[in-house]
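Visitor: Before anything else, here's the structure in question.
The values are calculated or read from the model by the stated rules, or taken from the named source; none is laboratory data. Keep in mind that this is a model prediction, so the values were computed, not measured. When we count neighbours, we look across all protein chains shown, and the Cβ atoms used for this are built from the backbone with ideal geometry, even at glycine.
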Amino acid sequence: MKFSKQLLALSLGVGCCFSGSPAIAQLSELSAIERIEEISEKESQSRLYSLTTECDVVTTPSNSDLEFIRSVLSLAAEEAQQIEDIEQQASAFPQIAKSYACIGQAASARRWLEQALSVETDYSDESAPPGFVFNQRYRLLELAKIYSQLLGESEPALALLANIEAMLDSRYGQSELTLAIAELYGEMGNIEQMNKIISDVVATVEIETEEEGATYFYPALETSARLYAKFGQHQRLRQLIDDIDVDYVREDVVTEAAPSLLQVASFADRAAIAQLFSDFNIVALAADTSTLLTTQRQRNPEYDYRSQLRDTGVEQLSEMSDSEIEAFIAEQKELIAQRLEPLPQTMAYPVLAEALSYFGHPERALLLLEESLQLFSERVSDASLAGISQWDVTEDSYRRNVQASMVKALVRTEQYDQAFQLVQTMEAQQDISLDRSIRFRTRFADWVSSPTYAPPDELRLTLLAEAEALAPQIADKAVQLETWTEIAEEYLVLEELSSARQLAPSVETAFEAVIAEIAPGDYSVMPEQYSEFLLSIGEYEQAITLAEIRKEDLLFTRKLPAQFVAVGEYELADELRAAFEVSADRLVAGREMVSAYQGKDMLDEAFELTTQLLDEALSVDLAAEAAAGGRGLWGTEIFSVQEERISRVEWVLNLYRPGLSSISYDMLSTEEVSAIGIELAKTIESDWLRYAAVLDLLTAKEAIAFLEADSALPVPDSLLMQRVLSLVNERYFPGAVSMAERMRSPYVKTLALTHIATRYLSTP
């Protein structure tokens, strides 16, 4: 690009100290390189420790793989012997043991388990470091897991569990650890002992309610519920729930157990569980959990069918003849019947219909959807399936979903009248909300993924008029404002400027109502909708006046110049950006403009402006702004000129970085961006600020090379660790080992090497 060299030249002329961003904030209190190293080690050990606990089953590697893993673990063992800190020994030794256990090297695993146990035994009294004895309980539990889960040796695992139980007392969060012990008993098949432990814990739990003005603490109940559900103790779970007399606690406990309840093996079990917990909507309670989607796929076979259908190459449907389509449908119906229970069969039909509709066969999709409605109605009333329909879906919700799919198919077949009649039927059945009804009229093909199926302009104008008439009935003012602007947008698409302008009083009234409802100081993004409307109808002065009125709302005012770019008023956009008195506002507004230029495929303009922004970030007198109480990039006071400088530079440079920006990759090459970052780092005199800038502006590989050439700064283990992780992800294990060998901390090096060995084993 034509501006890249100019940009690089700008970067070379800077000679002051910079700082900023999370890494820099973390280091802002440092005064010595030793503190950098200390933080580096803590970051490394924390991250690597979590990453080295990946192996849960024993794998038998090939001879060549085994030779490599053994060599890596041998290096780890040598480093581990150099660790002097007992807490680090207690953390590292089990990791080596686990790695050996993962590859079936039981003898080596036992030797390191014995060393780990020796550390625990030698330092179990008051002479141990603070917290050592407390954490000892958790470390011993990990050792027990290695024995039971990887070595298959229950006797030493049970002995360890007994020792841990003997060490427990009320001072050390007994319930949390005790329940972890109970879970391991459950995984070892000793359900009786698990139940006993859980019962003992539950008996000690006291619920302090909010109503009494106290904090409430009941995670033990939630964990107990989860374990009961996980190991199929449904009656015990039911009793646990019934014994809780605080409503919100009861619901939280059921919510915790819900994902495990959903992960049952058979369809029949689901019906039984649904009946046992019929007073709770298990699916709804699980909706906020991160596991719900996975759970649904495990429990609802139609999810699996969707994946299977995708794998058949459904895009080929567009090339099939009518006879081929019929044969394909018959084949899929047979497959559905073979793999799914009667009720889920009907749930899979809309999935098939969706594919048919999307790939050019909407008429056949309609027939299949009508068939699915009939089948579902018949099967949901079947007494043999009682309880299952309540568990997954009601007849009403199923009908709504199918009817929505039918609307799509009707629009795709250009049966607009029939589609709209169906929408009206859904309205009459109250199966569709008012705002969605209006939205359907506004866009008509709102439920259709492709704009190819838009109806004739005459019909759209008729529907827009109906949407106008319905819009005042929307109670939520924010939704009403959004609706008015959408109607106006559609009028503009149809080149009906006069009709769009006639909506101005309604839009203004809705906006004022929204503003009146928000609390003072709540600078929402609502003005953005209104200003976009004003610009779309050519009311530029009103948009500028609105910005003056809402000048404290930085989320809005900083975006206004970009809105002018969007409507093609480029000079006005430049003038508005230049009018900001605060340099941070000019910078943010400029970045928004860059994105707007990119959205219009004006790449040269976007690049030129970005170059200008970098120049501003480098040259602005931040010291003077700070002295005058100026505002920084994030809207707060400038506390550190150095931090603010680097933060602004990095923020602009991120416009060029692939993966961090929507800006075209053609602007600057990766090499040019790196060159800028390197030259910026060279200008920083302070050691710790330079170190922070290197971490923020360069990749781990680039940062290592920079620091190697900088005699004042060591390459921290945390940076080497990042490269280890990258090289492991790239499956370049020899390079990862070489990088780990450069680490200075024996502890971090041990953890890095065990991580490499474990990932080598698990990577295909």
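Visitor: Among the residues of the stretch 156-173, is any exposed (fewer than 15 other Cβ atoms within 10 Å of the Cβ) and modelled with pLDDT of 90 or more?
Guide: Checked the stretch 156-173: at least one residue is exposed (fewer than 15 other Cβ atoms within 10 Å of the Cβ) and modelled with pLDDT of 90 or more.
A quick yes/no check of all residues on (1) at pLDDT below 80; (2) surrounded by fewer than 17 Cβ atoms within 10 Å (Cβ to Cβ):
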{"residue": "Pro344", "(1), (2)": "yes, no"}
{"residue": "Leu352", "(1), (2)": "no, no"}
{"residue": "Gly360", "(1), (2)": "no, yes"}
{"residue": "Ala365", "(1), (2)": "no, no"}
{"residue": "Glu371", "(1), (2)": "no, yes"}
{"residue": "Gln374", "(1), (2)": "no, yes"}
{"residue": "Ser381", "(1), (2)": "yes, yes"}
{"residue": "Asp396", "(1), (2)": "yes, yes"}
{"residue": "Gln403", "(1), (2)": "no, no"}
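Visitor: Here's a check for you: in the stretch 464-506, which residue that is over 33 Å from the mean Cα position of the chain (by Cα) and among the hydroxyl-bearing types (Ser, Thr, Tyr) is farthest from Arg439 (Cα to Cα)?
Guide: Top of the filtered list is Ser498.
Visitor: If Glu251 satisfies every condition in (1) farther than 29 Å from Pro156 by Cβ; (2) within 34 Å of the chain's Cα centre (by Cα); (3) at pLDDT 80 or above but one, which is the exception?
Guide: (3)
Visitor: Please work out if Ala77 is part of a helix (DSSP H, G or I) and over 30 Å from Arg744 (Cβ atoms).
Guide: Considered against the rule, which asks whether it is part of a helix (DSSP H, G or I) and over 30 Å from Arg744 (Cβ atoms), Ala77 comes out as no.
Visitor: Still on this structure, please answer the following. For Met721, are the conditions met, namely being assigned to a loop (DSSP other than H, G, I, E, B), surrounded by 22 or more Cβ atoms within 10 Å (Cβ to Cβ) and either at pLDDT below 90 or among the hydrophobic types (A, V, I, L, M, F, W, C) (or both)?
Guide: Considered against the rule, which asks whether it is assigned to a loop (DSSP other than H, G, I, E, B), surrounded by 22 or more Cβ atoms within 10 Å (Cβ to Cβ) and either at pLDDT below 90 or among the hydrophobic types (A, V, I, L, M, F, W, C) (or both), Met721 comes out as no.
Visitor: Tell me whether the stretch 568-577 contains one or more residues that are more than 20 Å from Ser536 (Cβ to Cβ) and in a loop (DSSP other than H, G, I, E, B).
Guide: No, the conditions are met nowhere in the stretch 568-577.
Visitor: Against the condition touching a helix residue (DSSP H, G or I) at 6+ places or on another chain (Cβ under 9 Å) and without any contact (Cβ under 8 Å) to a residue 60 or more places away in the chain, how does Gly568 come out, does it pass?
Guide: no
Visitor: Of all residues in the stretch 421-433, count the ones that are touching a residue at least 12 places away in the same chain (Cβ under 8 Å) and under 17 Å from Leu463 (Cα atoms).
Guide: Residues in the stretch 421-433 being touching a residue at least 12 places away in the same chain (Cβ under 8 Å) and under 17 Å from Leu463 (Cα atoms): 5 in total.
Visitor: Continuing with the same structure: Assess whether Ala330 counts as being without any contact (Cβ under 8 Å) to a residue 60 or more places away in the chain, assigned to a helix (DSSP H, G or I) and surrounded by fewer than 16 Cβ atoms within 10 Å (Cβ to Cβ).
Guide: yes
Visitor: Which count do you get for residues in the stretch 580-632 that are surrounded by 16 or more Cβ atoms within 10 Å (Cβ to Cβ), of a type in the set (A, V, I, L, M, F, W, C) and in a helix (DSSP H, G or I)?
Guide: Residues that pass the stated criteria total 16.
Visitor: Of (1) modelled with pLDDT of 75 or more; (2) within 30 Å of Tyr597 (Cβ to Cβ); (3) part of a loop (DSSP other than H, G, I, E, B); (4) of a type in the set (D, E, K, R), Glu702 satisfies all except one. Which?
Guide: (3)
Visitor: Moving on. When the stretch 98-112 is examined, which residues are found to be crowded, with 18+ Cβ neighbours inside 10 Å and either basic (Lys, Arg) or touching a residue at least 40 places away in the same chain (Cβ under 8 Å) (or both)?
Guide: Residues satisfying the conditions are Lys98, Ser99, Ala101, Cys102, Ile103, Ala109, Arg110.
Visitor: So which residues in the stretch 547-561 are without any contact (Cβ under 8 Å) to a residue 40 or more places away in the chain and either outside any helix (DSSP H, G or I) or surrounded by fewer than 22 Cβ atoms within 10 Å (Cβ to Cβ) (or both)?
Guide: Residues satisfying the conditions are Ala547, Glu548, Ile549, Arg550, Lys551, Glu552, Asp553, Leu555, Arg558, Lys559.
Visitor: Given (1) under 18 Å from Leu184 (Cα atoms); (2) within 33 Å of the chain's Cα centre (by Cα), where does Glu155 come up short, assuming only one miss?
Guide: Evaluating Glu155 over (1) under 18 Å from Leu184 (Cα atoms); (2) within 33 Å of the chain's Cα centre (by Cα) leaves (2) as the failure.
Visitor: With respect to Ala258, determine if the residue is crowded, with 20+ Cβ neighbours inside 10 Å, at pLDDT 80 or above and within 27 Å of the chain's Cα centre (by Cα).
Guide: Spelling it out, it is not the case that Ala258 is crowded, with 20+ Cβ neighbours inside 10 Å, at pLDDT 80 or above and within 27 Å of the chain's Cα centre (by Cα).
Visitor: For the subset of the stretch 261-281 comprising residues that are small (Gly, Ala, Ser), assigned to a helix (DSSP H, G or I) and loosely packed, with under 14 Cβ neighbours inside 10 Å, which member is modelled with the lowest pLDDT?
Guide: Ala268
Visitor: Would you confirm, using the coordinates I've provided, whether Glu486 is within 20 Å of Glu539 (Cβ to Cβ) and at pLDDT 85 or above?
Guide: no
Visitor: Let me ask something else about it. Any idea which of (1) over 27 Å from Pro505 (Cβ atoms); (2) touching a residue at least 40 places away in the same chain (Cβ under 8 Å) is the one Ala579 doesn't satisfy?
Guide: Among (1) over 27 Å from Pro505 (Cβ atoms); (2) touching a residue at least 40 places away in the same chain (Cβ under 8 Å), the lone unmet condition for Ala579 is (2).
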